[in-house]
Amino acid sequence: MGALHRATELLGTALLVGSVYTPFKGVICSSEDSVFLDDEKEREEYVLNDLGVVFHGDINSIKSRSWNYGQFEEGILDACLHLMDRAKLDLSGRGDPVKISRVGSAVINAKDDEGVVAGSWDNIYAYGVVPSAWTGSVDILLEYHSSGMPVRYGQCWVFAGVFNTFLRCIGIPGRIVTNYSSAHDNNANLQLDIFVDEEGKMDSKLTKDSIWNYHCWNEAWMARPDLPVGFGGWQVVDSTPQENSDGMYRCGPASVQAIKHGHVCFQFDAPFVFAEVNSDVVYSKAMKDGTRVIEHIDKTHIGKLILTKEIGSDGTKDITEQYKFQEGTEEERLALETALMYGIKKVTQDTMEQAGTDVDMDFQVENAILGSNFKVTVTFRNNSHTRYTATAHLSGNIVFYTGVTKNEFKSHTFDVTLEPLASKISEVLIKSSEYMSQLLEQASLHFFVTARLNETKKILAKQKTSVLQIPKLHIKVPGEKVVGKEMSVIVEFTNPLNQKLVNVLVRLDGPGLLRTTTKMFRTSPPPTVPGDPNPAHSLSPDCHDPYPHPHPLTAPPEPPTHPTPLLPAAGQSAGGAAREIPKNSTLTWEEKSFPRQAGIRKLIASLNCDALRHVYGELDLEVERKPLM
């Protein structure tokens, strides 16, 4: 069965209803449609593919996870049509992809309109599901359609995943985009201000701007008859609630082509997106007399890499040059000047930056596994014939992936002597005991290194984020894999930490293979092996469903005085048994399923507990058709 035939079969009523509600059936069969893609492979990828990939991590450690869009699953079309009803989009507006995507970017988040997903970035998820636990959009949309209450909780990739389901379900081509080193909260002035004091240490009171390790948004393909010719095609739409646009938290559609060329006057929200990918990082020294001196401007730190999923595979597709010209080229300068012409204010190094220094500084963070010690190596290079001395300071911080600091876990000051025309390397040891007890869910550590040259008082500054390597889940499917026949799925995970894990929740998803299932795990007495002084622990799934019915993905606006937590208290199950994984123990879960669809399918699993989050595993497998009798 070809992709087009399968889509027509799966859509069924959707195409019939489309004449009233979702007129974008032409994305498949009519070049006159405003969202038509003329490349069949692109249509199959951006409309018909029900599985996607979300890229996360950081620029030096790109990570990926699969996402089940589930746009053809039962009930999803009704849920997506309900969103347009909820947004009070009249029938005439439902034929306009610009209006639909703009309404969609607002209704997907619950910031100001009780939309689909409630966001949380404070690492507290007592009344809902941890954002990293979600494996797809289906549960979220069905729960919202059923309850009418925001589903808790999401972060940028969750908003983007649900929004992509909405777009593809109603026939608008959509894809998820990840921008690494994404500027945020800088008022679209193309400048992030980092302040240091006269000693070279960062001033956290003055420094308000932040740089996200990464940020996910969506692109939707459409004609833009409201803009000049040439600005249709991919449009940025972002449902993560960041800035207010025309009275609501939403963003876009903003033409990617307009952003690249600096035409930020075109609606909607192009200045904000332009700033996300093109801001400068300005390092300034705050003097005791109140004056500020710009020490350095980093013009390449922001928007270093912009990725989306490759057509027909799970690989990366670099689309950075679709958003910006290469730094330093004439085209890049023209785009910048165009943005300036349209009113974006930008501080330039021509009049503000101090003269260059004879000394360069950089540092590298050793790749490390969560729970291990590692080194930060700082390299100084003296390019002059003069001998210098410097006082350097390294600050290590636990940060949210949004770049917001939780607390400082490492503060280290050291002196270096820089001989003429020579390099000097200093190493700083980071111990796991210094960061493990405070670590946040995405295992992100931010390092800020500054050095003051004692002879000239010049400040050198660099910052980098490091994401620790998190262990993976392993999925196995032994035996035959045939439509309609029982299939065994085994999920395994070994605790690598030097501590026990409690409240361990595993989610298993497999479009066309099984319904989304969740399990809480507990320890069972290990078998006694004669002569074995350290018998291994094995873990089996708790038979109790950790979610009472109905599925509590939502929470009332005001929590009760004594709320029932989503997970039992640490170390306790519904029946009083311990729910923990001792160190070096292996969790094993076997689930039976009956595949519904033949072909290449994917199993997706996630594990979450207080000490470990963003633990994923996936497996591609080929399911055979049921043999004819």
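For the reader, a short list of remarks on this structure follows.
- Every residue from region 38-50 that is open to solvent by 50 Å² or more (accessible area, probe 1.4 Å) and either of a type in the set (S, T, N, Q) or in contact (Cβ under 8 Å) with a residue 40 or more places away in the chain (or both): Lys41, Glu42, Glu44
To keep it simple, each residue is scored yes or no on (1) farther than 21 Å from Val151 by Cβ; (2) among the hydroxyl-bearing types (Ser, Thr, Tyr); (3) not assigned by the TED database to the domain that holds Ala160.
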site: Gly52; (1), (2), (3): no, no, no
site: Ile59; (1), (2), (3): yes, no, no
site: Met84; (1), (2), (3): no, no, no
site: Gly95; (1), (2), (3): yes, no, no
site: Val103; (1), (2), (3): no, no, no
site: Val107; (1), (2), (3): no, no, no
site: Tyr125; (1), (2), (3): no, yes, no
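- Criterion: open to solvent by less than 30 Å² (accessible area, probe 1.4 Å), part of a strand (DSSP E or B) and aliphatic (A, V, I, L, M) - qualifying residue of Val53, Val35: Val53
- Qualifying position, being farther than 25 Å from Leu468 by Cβ, in contact (Cβ under 8 Å) with a residue 24 or more places away in the chain and open to solvent by 10 Å² or more (accessible area, probe 1.4 Å), among Arg625, Arg613: Arg625
- In region 426-441, the residues that are assigned to a helix (DSSP H, G or I), open to solvent by 30 Å² or more (accessible area, probe 1.4 Å) and either hydroxyl-bearing (Ser, Thr, Tyr) or at pLDDT below 90 (or both): Ser433, Met436, Ser437, Gln438
- The one condition in (1) modelled with pLDDT of 50 or more; (2) exposed (fewer than 15 other Cβ atoms within 10 Å of the Cβ) that Leu4 fails to fulfil: (1)
- Residue in region 464-476 that is nearest to Gly57 (Cα to Cα), counting only those that are surrounded by fewer than 18 Cβ atoms within 10 Å (Cβ to Cβ) and either charged (D, E, K, R) or in contact with a Leu (Cβ under 6 Å, 6 or more places away or on another chain) (or both): Lys472
- Residue ranges of strands (runs of 3 or more DSSP E) in region 446-527 with at least 1 members closer than 30 Å to His412 by Cα and over 32 Å from the mean Cα position of the chain (by Cα): 459-467
- The criterion of at least 3 residues that are open to solvent by less than 30 Å² (accessible area, probe 1.4 Å) and touching a residue at least 40 places away in the same chain (Cβ under 8 Å) is met by the following strands (runs of 3 or more DSSP E) wholly inside region 266-350: 280-286, 292-298, 305-309.
- The requirement of being touching a residue at least 40 places away in the same chain (Cβ under 8 Å) and open to solvent by 20 Å² or more (accessible area, probe 1.4 Å) is fulfilled somewhere in region 390-401, by at least one residue.
- Failed item in (1) outside the structural domain of Leu445 (by the TED database); (2) at pLDDT 85 or above; (3) on the phi > 0 side of the Ramachandran plot, with Gly371 passing the rest: (1)
- The one condition from (1) surrounded by fewer than 15 Cβ atoms within 10 Å (Cβ to Cβ); (2) farther than 30 Å from Glu73 by Cα; (3) at pLDDT 90 or above that Pro533 does not meet is (3).
- Whichever residue in region 411-425 is outside any loop (DSSP other than H, G, I, E, B) and open to solvent by 30 Å² or more (accessible area, probe 1.4 Å) and, among such residues, is nearest to Ala611 (Cα to Cα): Ser411
The values are calculated or read from the model by the stated rules, or taken from the named source; none is laboratory data. Owing to the predicted nature of the structure, the values given are computational and were not obtained by experimental measurement. Every residue, glycine as well, gets a Cβ built from its backbone with ideal geometry; the counts of neighbours run over all protein chains shown. Please note that ligands, DNA and RNA were not included when accessible areas were found on the heavy atoms of the full protein model with its side chains. Shrake-Rupley method; radii C 1.70, N 1.55, O 1.52, S 1.80 Å.
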